[in-house]
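Engineer: Here's a structure for you.
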Amino acid sequence: MTRGVLSVGPDAHFAEIADVLRTGAVRAVPVLDGDGRLLGVVSEADLLVTV
């Protein structure tokens, strides 16, 4: 089991999420509410811009 799982809150901005992914060397991060409940997952692909 992994201890100290990286996560972001529901109000996290793009730059914050990108920084967590980069510094944590992970491809996705869970989004947790104030009580630690899972709201969703944001991945690298979610941050890509499609034109």
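The values are calculated or read from the model by the stated rules, or taken from the named source; none is laboratory data. Nothing here was measured: the structure is a model prediction, and the numbers come from that model. Please note: Cβ atoms are built from the backbone with ideal geometry, for glycine as well, and neighbour counts cover all protein chains shown.
Engineer: Would you mind telling me which numbered condition in (1) at pLDDT below 95; (2) touching a helix residue (DSSP H, G or I) at 6+ places or on another chain (Cβ under 6 Å) T2 fails?
Structural biologist: (2)
Engineer: Being of a type in the set (V, I, T) and at pLDDT 95 or above is the filter here; which residues of segment 5-18 pass it?
Structural biologist: Result: V8, I17.
Engineer: Does segment 41-50 contain any residue that is hydrophobic (A, V, I, L, M, F, W, C), loosely packed, with under 11 Cβ neighbours inside 10 Å and part of a loop (DSSP other than H, G, I, E, B)?
Structural biologist: Yes, the conditions are met somewhere in segment 41-50.
Engineer: Quick check, is L21 at pLDDT 95 or above, over 9 Å from the mean Cα position of the chain (by Cα) and surrounded by 10 or more Cβ atoms within 10 Å (Cβ to Cβ)?
Structural biologist: So L21 does not fit the description; no.
Engineer: Here is a further query. Filter segment 1-16 down to the residues that are of a type in the set (A, V, I, L, M, F, W, C) and over 20 Å from D35 (Cβ atoms) and list them by number.
Structural biologist: M1, F14, A15
Engineer: Quick one: count up the residues across segment 24-36 that are among the hydrophobic types (A, V, I, L, M, F, W, C) and either free of Cβ contacts under 8 Å to residues at least 24 places away in the same chain or surrounded by fewer than 10 Cβ atoms within 10 Å (Cβ to Cβ) (or both).
Structural biologist: So the answer is 4.
Engineer: Restricting attention to segment 2-13, which residues are surrounded by 10 or more Cβ atoms within 10 Å (Cβ to Cβ) and over 9 Å from the mean Cα position of the chain (by Cα)?
Structural biologist: V5, P10
Engineer: What do you reckon, is A18 touching a helix residue (DSSP H, G or I) at 6+ places or on another chain (Cβ under 9 Å), touching a residue at least 12 places away in the same chain (Cβ under 8 Å) and assigned to a loop (DSSP other than H, G, I, E, B)?
Structural biologist: No, not satisfied.
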